[in-house]
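Colleague: Just dropping this structure here.
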Amino acid sequence: MEVVILPDPAAVGAHAAALIAARAEATPGLVLGVATGSSPRETYRELASLREESPTRFDHVRCFALDEYVGLPPGHPASYAVVVAEEVTGPLGLDPDHVHTPDGDAAHILEAGPAYEQALAEAGGVDLQLLGIGSNGHIGFNEPTSSLASRTRIKALSERTRQDNARFFDDGVSVPTHCITQGLGTIMEAREIVLVAQGEAKAEAVAAAIEGPVASMCPASVLQFHQRVTVVLDEAAASRL
Ligand code: GLP
């Protein structure tokens, strides 16, 4: 695991974006796994400005989101399908046919996880997975106690995550109680992983993930077993290392 500590969130975003852009250049048709939330926003902004310099550079990138809420009305602004389109794949000019999110609105919701696993397999798996980390150490929506070998499935959201994410819901729709998320076993199959974190609120989870025991109480700690992980932190997020 390589840990890169930089002065501020802008530098974190620039570093992660440069890494992703280099991989997209080296691997035509790169399969990029994307996270939502506030952590990767600087990275996406930086990628969008790299695209302005060279408009076709991400044309062949394919994209898979980590997770989705269950039961949000289609097109809800907090749904990850909408967030990924607005923050990532739209600005990068990706072909919408090459953008996938788990189907949180599926009629047969229990089948949505295996269907997503199949789509991932058909794409050849994820080349580069970008991750944030929750304040409780979750990645994707794999909350503490998630199986380290888990696959894409329905999960209940913890109360802490629902509170953390309440800021994205301001229209009277309450934070869903459930989600569908790639499992920790699924995430670990990505050929390369980049985790970004900024701010003091993430410092404890970051320290547990990098220096703590590998344990389901800190799902991100499973990354210690991955052979190609870069963790990009600002000084505040690194302050408990
Ligand atoms: C969210 C997402 C994760 C994200 C994490 C941190 O709920 N499911 O993919 O990495 O929680 O969110 P934020 O970056 O907004 O702190």
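Colleague: Could you put L233, L30 in order, starting from the residue whose Cβ has the fewest other Cβ atoms within 10 Å?
Modeller: So the residues, fewest neighbours to most, are L30, L233.
Colleague: What is the dipole size for region 55-191, taken about its Cα centre, with +1 at each Lys and Arg Cβ and -1 at each Asp and Glu Cβ, in debye to the nearest 20?
Modeller: My answer is approximately 400 debye.
Colleague: For A201 and S239, compute 0.36 nm times the residue count separating them, minus their Cα-Cα distance, and round to one decimal in nm.
Modeller: Numbers: separation 38, 0.36 × 38 = 13.68 nm, distance 1.02 nm.
My answer for the length gained is 12.7 nm.
Colleague: Okay, next question. If packing is taken as the average number of other Cβ atoms within 10 Å across a peptide's residues, how do 201-208, 75-82 rank, most packed first?
Modeller: 201-208, 75-82
Colleague: Do the sum for the chain: with -39,500 (n - 2.57) for every DSSP H run of n ≥ 4, divided by all residues, what is the mean residue ellipticity at 222 nm, to the nearest 500 deg cm²/dmol?
Modeller: -8000 deg cm²/dmol
Colleague: What list of ³J(HN,Hα) couplings, whole Hz, do you get for region 176-187 from phi and the Karplus terms 6.51, -1.76, 1.60, once you set θ to phi - 60° and write x for glycine and proline?
Modeller: x, 8, 10, 9, 10, 9, 3, x, 5, x, 5, 4
Colleague: Continuing with the same structure: Determine the gain in length on full extension of the stretch R162-L110; use 0.36 nm per residue of separation and subtract their C-alpha separation, reporting nm with one decimal.
Modeller: 16.6 nm
Colleague: I've got another one for you. Could you tell me which residue out of S158, H100, V61 lies farthest along the dipole of region 45-163 toward its positive end? Charges go on the beta carbon: Lys and Arg +1, Asp and Glu -1, centred on the Cα centre.
Modeller: S158
Colleague: List every residue whose amide H lies under 5 Å from the amide H of A106, counting only residues 5 or more places away in sequence or on a different chain, with H placed 1.01 Å from N in the peptide plane.
Modeller: Counting only residues 5 or more places away or on other chains, the set is empty.
Colleague: State the answer as a single residue: which of A78, S147, A197 lies farthest towards the positive end of the charge dipole of region 2-234, with beta carbon charges of +1 for Lys and Arg and -1 for Asp and Glu, about the Cα centre.
Modeller: Result: S147, furthest along the dipole toward the positive end.
Colleague: Moving to a separate point now. Just grab the label-to-label distance for I154 and T177, each label 7 Å out from Cα along the Cβ direction, in nm (one decimal).
Modeller: Taking the simple label geometry, I154 and T177 are separated by 1.1 nm.
Colleague: Another one. Could you state the principal axis extents of the C-alpha atoms in region 118-203, from the largest down, to the nearest angstrom?
Modeller: 39, 28, 25
Colleague: If you don't mind, there's one more thing I want to ask. Using a simple charge model, +1 on the beta-carbon of Lys and Arg, -1 on the beta-carbon of Asp and Glu, nothing else, what dipole does the chain show about its Cα centre, in debye to the nearest 20? Write down the numbers at each step before the final one.
Modeller: Values: 16 positive and 32 negative charges, 94 e Å.
Its charge dipole is roughly 460 debye.
Colleague: What distance in nm lies between label points placed 7 Å from Cα along the C-beta direction at R228 and S54?
Modeller: 1.9 nm
Colleague: Could you grab the relative contact order for region 2-234? Cα pairs under 8 Å, six or more apart, rounded to a whole percent. Intermediate values should be presented prior to the final figure.
Modeller: Values: 471 pairs, mean separation 59.0, N = 233.
Taking the mean separation of contacting Cα pairs over the length of region 2-234, I get 25 percent.
Every number in this text was worked out from the coordinates using simple rules, so none of it is lab data. Values in this document were obtained by computation on a predicted structure and should not be read as measured data. A quick note on method: Cβ atoms are made from the backbone with ideal geometry, for glycine too, and the neighbour counts reach across all protein chains shown.
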